[in-house]
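Okay, so here's the structure we're looking at.
The values are calculated or read from the model by the stated rules, or taken from the named source; none is laboratory data. What you see is a predicted model; the values in this text were computed from it and never measured. A quick note on method: Cβ atoms are made from the backbone with ideal geometry, for glycine too, and the neighbour counts reach across all protein chains shown.
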Amino acid sequence: MLAKKVDRMEKIEKVEKIDALYNFFLTRSLLRKYKENGKKIIASLCNNVPEEIIHSMGAVPVRLLGLAKSTELASAKIPTWLCLYSKRLMEDGLRREFDFLDGIVGMTSDDTKTHLFSAYSFYLKPGFSYLIQIPYVRDKSSIEFFEKELKRFVEKFESFFNTEFSEEKLGESIEIYNRFRDLLNDLSRLRWEDEPKVSGEEWLKILLASTSMLKEELIEHLEDILEKVNDSEGYKDYKLRIHLSGTDFYDVEIVKMIEDLGGIVVSDDLCTSSGYYIGNVGGRTLRDLARRYLTQSACVLTARLEHLSIEDRLNFIMERIGESRANAIVLLKDRGCEICGHQCPFILQEFTDIPTLVLDLDTPYPTEQLKTRVEAFVESYG
Amino acid sequence: MELQEWNPLGYKNLYRDLFKKHLARQDSLLKQGRPVGWFFSFHPSEIIYIFDVVPAYPEQYSAYCAARGSSVDLIDASISKGYGHFLCDYFKTTVGMIEEPEKATKPLMPKPDFIVDTRALCVAHHEMTEVFARKYGIPKYTINYPFWTSDALGYVDELTKIPEMVEELYIEYSISKLKGLLEFMEKVTKIPLSDEKFKSVFETSEKTSKLLIEVAKLMMSKPTPGSQREIADLVFLAFFVLGSNYALEFAEKGYEMIKGRVKRKEGVVPEEKFRLLTFGIMPWHSLSLYEYCEMLGATFPVNLYVNASLHLCDSKKPFESMVRRSMHFTNSTYDLMDGVIENARKADLDGALLLENTGCRITSMIIRPLADTLQEELGLPSLILEAPQCDPRIMPLERAKTQVEAFIESLK
């Protein structure tokens, strides 16, 4: 009886802790605090921007995500049929929600992100701006080019902010980021248990919090959460273990809805989750960083020589499903996402032995319809 | 509104002759068993002639389907297979041809033996080549040119694509990838690179590119000498057959024709009332929209889409030339529009007709910044029409005509 009570307490504490962290993402309060303390805040527009570089030069890297529910200002500047990620980000920018930013760093990872960088720079004049050119091939010459490109980025950053880059500091930042990744890996393994100790909703909240705060600060929270989670009881009352597939998805409400209806999200291949943290940097130099960001992440558009990136992505999903023992896939297909638009049919073809539900997403979400579809899916396969 | 007599340059016969020769070459090479490659706009088209391969162009084929009326069924076929709604029309039409060939306009594109993926315009080319390569199980070669930013590229002349300065790192990497492309071509075509042929194809390309640039310049004369109905198709030459003898033949004749017109001060319509700039991929299903505007007295001396397709090839610097092909304003950040504005200023314009191609993130995302820049820099108003290049359902021609009429009325 007492043990149960303690466990419930642990669970409540865990939830409160995670919600408090998530609140940093919703309010961006820590970012403003850093700014007040003289830190430069630099937004990244892609999960493959090597944040370690920005961090090593004393600035705060933020994976920028918009929170706007409606996008009327953005619709006057960019097409209305673009993905939710780009519309919300542009909307928050135009509403001056990102007034704490000192610069933005984009990447040529897809057309939307490339042109979002251009549109954001054109309309919002963010101070510092840099677009990192990412090769789509993971061969030797491309890794060498990417290293030089990162060097070029460093030089522009140094010159704009009158700061100095040092390999020693980069090494320290890499260590911090690797520690952050290790902790998330530990936490992730707890999602794979028969009774997962972290729900998909909790997981996504933690990941989103990680985009809006310094990683060294987050690490302390993560260690604490890990301890609490380790001691707590897992979730038993679910019917289906779900792998969530998609790109720049970050709507906690949708994940909560899936889990309220009997699913539990145990793994994913989202740009805002697995794509953001998986893959440690195997050294302390820019070259190591170039190798990590070009070869190890879940970037959906780069491929090994003579390979296709879609094959790498399918393997990535397969690995995640193998580890987590997910027995269903929910494919989050943002109607405006070019990657979803091209790759979804291949994911469906590849995983014919696993029940898959495709959720076509566009705002405003047709919540009741989505609920009905998820409910029927869980009932059918749970 | 009163319609004037329409007097085009007469390029129609030149195009007919060009296509005939291009198709004859294709047939002959197919009979010889030469490999088929799929290529996309802004690729180095010279390699097609250096290595004697059969080229097929999903973009051009899709435009053909749009003009012939089959693209709608093909787009629907691709969506029903699970591909996204808001993707490039060219991609959806091509996937439709692969999935449901019975609905596609004949002749179908020949099946590819290899595919060349050049991101010189959009990542969508990279994304779609992945899909095609996987569907056919064929080798693919990827070059991604930089997306040019103002710290890497100075002022760029809009027609020649000669930049004031350029970041060496990007040039070097792109050239290394182009050299890799030549090795790839040697492998898939099983013939070694001939230096002599390489030189001669690039010399042809240089001559043709010079003439095409002259045609674009002459189009800015007063009165506007030609119609966009015929000028818009110049992208076929610039994108796909540059380096061929038949493209050079076309350019020589086309140049003489437009030069004569300008000399005689003869316009596409007797009374030019407004001079408009246009941009966006042409709505291939409804090209008569241009003819209609011209008959209303609104001519188009500047087509930024055509201008983007041009570059001055320097046969003495073939690799640099291939990279310069990517230095168009649609592959650059929006602060690199100076060249475009300067050219527009020279053309003495009254307004702009801009086409937002649904599904094409490049043209559609650049439209509003372009409209804002034209307004700020030159005081030009713009009409933005949502016009996917292969799907007439979103831009019914009659509705577009009404919108254009209202816009022209407002210019008065």
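Residues checked against (1) more than 13 Å from chain A (Cβ to nearest Cβ); (2) hydrophobic (A, V, I, L, M, F, W, C); (3) out of contact with any helix residue (DSSP H, G or I) (no Cβ under 6 Å at 6 or more places or on another chain):
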site	(1), (2), (3)
B:Val340	yes, yes, no
B:Asp350	yes, no, no
B:Leu354	no, yes, no
B:Thr373	no, no, yes
B:Glu376	no, no, yes
B:Gly379	yes, no, yes
B:Leu383	yes, yes, no
B:Cys390	yes, yes, no
B:Pro396	yes, no, yes
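Count, please, the residues in segment B:216-259 that happen to be over 23 Å from B:Arg25 (Cβ atoms), assigned to a helix (DSSP H, G or I) and within 15 Å of the chain's Cα centre (by Cα). Walk me through it before giving the result.
Looking only at segment B:216-259, we keep the residues that are over 23 Å from B:Arg25 (Cβ atoms), and these are B:216-229, B:231-232, B:256-259.
If we keep only those that are assigned to a helix (DSSP H, G or I) as well, we get B:216-218, B:228-229, B:231, B:256-259.
Keeping just the survivors that are within 15 Å of the chain's Cα centre (by Cα) gives B:216, B:228-229, B:231.
Going through segment B:216-259 one residue at a time, the tally reaches 4.
Looking at segment A:266-298 only, could you name the residues that are in contact with a Pro (Cβ under 8 Å, 6 or more places away or on another chain) and under 30 Å from A:Asn327 (Cβ atoms)?
A:Val266
From the list B:Phe279, B:Phe319, which one is in contact (Cβ under 8 Å) with a residue 24 or more places away in the chain, within 17 Å of B:Cys360 (Cα to Cα) and of a type in the set (Phe, Trp, Tyr)?
Values: B:Phe319 fails: within 17 Å of B:Cys360 (Cα to Cα).
None of the other options fit; the residue is B:Phe279.
Just one of the numbered conditions (1) closer than 22 Å to B:Glu168 by Cα; (2) more than 8 Å from every other protein chain (Cβ to nearest Cβ); (3) in contact with a helix residue (DSSP H, G or I) (Cβ under 6 Å, 6 or more places away or on another chain) is not true of A:Lys148; which one?
Checking A:Lys148 against (1) closer than 22 Å to B:Glu168 by Cα; (2) more than 8 Å from every other protein chain (Cβ to nearest Cβ); (3) in contact with a helix residue (DSSP H, G or I) (Cβ under 6 Å, 6 or more places away or on another chain), the one that fails is (2).
Does B:Thr94 meet the test of being surrounded by fewer than 20 Cβ atoms within 10 Å (Cβ to Cβ), among the hydroxyl-bearing types (Ser, Thr, Tyr) and either more than 10 Å from chain A (Cβ to nearest Cβ) or more than 18 Å from B:Tyr334 (Cα to Cα) (or both)?
Considered against the rule, which asks whether it is surrounded by fewer than 20 Cβ atoms within 10 Å (Cβ to Cβ), among the hydroxyl-bearing types (Ser, Thr, Tyr) and either more than 10 Å from chain A (Cβ to nearest Cβ) or more than 18 Å from B:Tyr334 (Cα to Cα) (or both), B:Thr94 comes out as no.
Taking A:Ser86, is it buried (at least 22 other Cβ atoms within 10 Å of the Cβ), over 17 Å from A:Tyr293 (Cβ atoms) and touching a His at 6+ places or on another chain (Cβ under 9 Å)?
So A:Ser86 fits the description; yes.
Of the residues in segment A:70-101, how many are of a type outside the set (A, V, I, L, M, F, W, C) and under 19 Å from the mean Cα position of the chain (by Cα)?
First, pick out the residues of segment A:70-101 that are of a type outside the set (A, V, I, L, M, F, W, C): A:70-72, A:75, A:77, A:79-80, A:85-88, A:91-93, A:95-97, A:99.
Narrowing further to those that are under 19 Å from the mean Cα position of the chain (by Cα): A:85-88, A:92.
Within segment A:70-101, residues that are of a type outside the set (A, V, I, L, M, F, W, C) and under 19 Å from the mean Cα position of the chain (by Cα) number 5.
How do the pairs read when you match residues in segment B:106-120 that are within 14 Å of chain A (Cβ to nearest Cβ) with residues anywhere that are of a type outside the set (Val, Ile, Thr) and part of a loop (DSSP other than H, G, I, E, B), using Cβ under 6 Å and keeping only pairs 6 or more apart or on different chains?
B:Phe114/B:Pro139; B:Val116/B:Phe39; B:Val116/B:His43; B:Thr118/B:His43; B:Ala120/B:Phe42; B:Ala120/B:Tyr145; B:Ala120/B:Ser326
Would you mind stating whether B:Pro139 is in contact (Cβ under 8 Å) with a residue 40 or more places away in the chain and within 30 Å of B:Lys346 (Cα to Cα)? Step through it out loud before you land on a result.
Values: in contact (Cβ under 8 Å) with a residue 40 or more places away in the chain: yes; within 30 Å of B:Lys346 (Cα to Cα): no.
It is false that B:Pro139 is in contact (Cβ under 8 Å) with a residue 40 or more places away in the chain and within 30 Å of B:Lys346 (Cα to Cα).
So which of A:Arg291, A:Arg325, A:Arg284, A:Arg313 is in contact (Cβ under 8 Å) with a residue 12 or more places away in the chain and either within 27 Å of A:Ser86 (Cα to Cα) or at the interface with chain B (Cβ under 10 Å from one of its Cβ atoms) (or both)?
On the way: A:Arg291 fails: either within 27 Å of A:Ser86 (Cα to Cα) or at the interface with chain B (Cβ under 10 Å from one of its Cβ atoms) (or both); A:Arg325 fails: either within 27 Å of A:Ser86 (Cα to Cα) or at the interface with chain B (Cβ under 10 Å from one of its Cβ atoms) (or both); A:Arg284 fails: either within 27 Å of A:Ser86 (Cα to Cα) or at the interface with chain B (Cβ under 10 Å from one of its Cβ atoms) (or both).
None of the other options fit; the residue is A:Arg313.
So A:Tyr120 passes all but one of these: (1) at the interface with chain B (Cβ under 8 Å from one of its Cβ atoms); (2) in contact with a Pro (Cβ under 7 Å, 6 or more places away or on another chain). Which condition number does it fail?
That leaves (1) as the condition not met.
Residue-by-condition table, conditions (1) free of Cβ contacts under 8 Å to residues at least 12 places away in the same chain; (2) buried (at least 19 other Cβ atoms within 10 Å of the Cβ); (3) part of a helix (DSSP H, G or I); (4) among the basic types (Lys, Arg):
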| site | (1), (2), (3), (4) |
| --- | --- |
| B:Leu3 | no, no, no, no |
| B:Lys20 | yes, no, yes, yes |
| B:Asp27 | yes, no, yes, no |
| B:Leu30 | no, no, yes, no |
| B:His43 | no, yes, no, no |
| B:Gln60 | no, yes, yes, no |
| B:Cys65 | no, yes, yes, no |
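Among the residues of segment B:143-167, count how many are within 20 Å of the chain's Cα centre (by Cα), of a type in the set (Val, Ile, Thr) and within 12 Å of another protein chain (Cβ to nearest Cβ).
The initial filter retains those residues of segment B:143-167 that are within 20 Å of the chain's Cα centre (by Cα), namely B:143-148, B:156-162.
Subset that is of a type in the set (Val, Ile, Thr): B:143, B:156, B:160, B:162.
Still in the running and within 12 Å of another protein chain (Cβ to nearest Cβ): B:143.
Matching residues across segment B:143-167 total 1.
Out of the residues in segment B:126-140 that are in a helix (DSSP H, G or I), more than 20 Å from A:Thr108 (Cα to Cα) and at the interface with another protein chain (Cβ under 9 Å from one of its Cβ atoms), state the one that is farthest from the chain's Cα centre (by Cα).
Looking only at segment B:126-140, we keep the residues that are in a helix (DSSP H, G or I), and these are B:126-136.
Next, from what is left, pick out any that are more than 20 Å from A:Thr108 (Cα to Cα): B:132-136.
Of the ones still in play, those that are also at the interface with another protein chain (Cβ under 9 Å from one of its Cβ atoms) are B:133-134.
Numbers: B:Ala133: 23, B:Arg134: 26 Å.
Per the stated criteria, the residue is B:Arg134.
Pairs please, first residue from segment A:227-239 and more than 17 Å from A:Ala328 (Cα to Cα) and hydroxyl-bearing (Ser, Thr, Tyr), second anywhere and at pLDDT below 90 and loosely packed, with under 15 Cβ neighbours inside 10 Å, Cβ atoms under 8 Å, 6+ apart in sequence or on different chains.
If the second residue must be at pLDDT below 90 and loosely packed, with under 15 Cβ neighbours inside 10 Å, the pairs left are A:Ser232/A:Asp7.
Take the residues in segment B:356-371 that are of a type in the set (Ser, Thr, Tyr) and within 16 Å of the chain's Cα centre (by Cα); name whichever of them is farthest from the other protein chains (Cβ to nearest Cβ). Can you show your working first?
The initial filter retains those residues of segment B:356-371 that are of a type in the set (Ser, Thr, Tyr), namely B:358, B:363-364.
Right, trim to within 16 Å of the chain's Cα centre (by Cα) and you get B:363-364.
Working: B:Thr363: 10, B:Ser364: 5 Å.
Only one residue fits best here, namely B:Thr363.
Among the residues of segment B:80-91 satisfying the criterion of being within 17 Å of B:Pro58 (Cβ to Cβ) and either out of contact with any helix residue (DSSP H, G or I) (no Cβ under 7 Å at 6 or more places or on another chain) or within 10 Å of another protein chain (Cβ to nearest Cβ) (or both), which is surrounded by the most Cβ atoms within 10 Å (Cβ to Cβ)? Before you say what the answer is, go through the steps one by one.
As a first pass, look at segment B:80-91 and keep what is within 17 Å of B:Pro58 (Cβ to Cβ): B:81, B:83-84, B:87-91.
Applying the additional criterion that residues be either out of contact with any helix residue (DSSP H, G or I) (no Cβ under 7 Å at 6 or more places or on another chain) or within 10 Å of another protein chain (Cβ to nearest Cβ) (or both) yields B:81, B:83-84, B:87-88, B:91.
On the way: B:Lys81: 17, B:Tyr83: 23, B:Gly84: 26, B:Leu87: 27, B:Cys88: 32, B:Phe91: 29.
Among those that are within 17 Å of B:Pro58 (Cβ to Cβ) and either out of contact with any helix residue (DSSP H, G or I) (no Cβ under 7 Å at 6 or more places or on another chain) or within 10 Å of another protein chain (Cβ to nearest Cβ) (or both), it is B:Cys88.
Against the definition (touching a residue at least 40 places away in the same chain (Cβ under 8 Å), farther than 17 Å from A:Ala59 by Cβ and within 14 Å of chain B (Cβ to nearest Cβ)), how does A:Ile143 come out, yes or no? Step through it out loud before you land on a result.
Details: touching a residue at least 40 places away in the same chain (Cβ under 8 Å): yes; farther than 17 Å from A:Ala59 by Cβ: yes; within 14 Å of chain B (Cβ to nearest Cβ): yes.
Spelling it out, A:Ile143 is indeed touching a residue at least 40 places away in the same chain (Cβ under 8 Å), farther than 17 Å from A:Ala59 by Cβ and within 14 Å of chain B (Cβ to nearest Cβ).
Please determine whether any residue of segment B:181-192 is acidic (Asp, Glu), more than 9 Å from chain A (Cβ to nearest Cβ) and over 23 Å from B:Tyr57 (Cα atoms).
no
Could we say that B:Asp314 is at pLDDT 95 or above, out of contact with any helix residue (DSSP H, G or I) (no Cβ under 8 Å at 6 or more places or on another chain) and not in a helix (DSSP H, G or I) here? Give the steps one after another, and end with the answer.
Working: at pLDDT 95 or above: yes; out of contact with any helix residue (DSSP H, G or I) (no Cβ under 8 Å at 6 or more places or on another chain): no; not in a helix (DSSP H, G or I): yes.
Considered against the rule, which asks whether it is at pLDDT 95 or above, out of contact with any helix residue (DSSP H, G or I) (no Cβ under 8 Å at 6 or more places or on another chain) and not in a helix (DSSP H, G or I), B:Asp314 comes out as no.
When the residues of segment A:365-376 are filtered to those that are of a type outside the set (S, T, N, Q) and in contact (Cβ under 8 Å) with a residue 60 or more places away in the chain, which remaining residue is surrounded by the fewest Cβ atoms within 10 Å (Cβ to Cβ)? Reasoning before the result, please.
Residues of segment A:365-376 that are of a type outside the set (S, T, N, Q), as a first pass: A:365-366, A:368, A:370-371, A:373-376.
When the remaining residues are screened for being in contact (Cβ under 8 Å) with a residue 60 or more places away in the chain, the result is A:365, A:370-371, A:374-375.
Working: A:Tyr365: 16, A:Leu370: 18, A:Lys371: 14, A:Val374: 23, A:Glu375: 17.
This residue is A:Lys371.
Only one of (1) away from every other protein chain (no Cβ under 14 Å); (2) surrounded by fewer than 21 Cβ atoms within 10 Å (Cβ to Cβ) fails for B:Val306. Which number is that?
Unmet condition: (2).
Has segment A:109-128 got at least one residue that is surrounded by 22 or more Cβ atoms within 10 Å (Cβ to Cβ), touching a residue at least 60 places away in the same chain (Cβ under 8 Å) and not in a helix (DSSP H, G or I)?
yes
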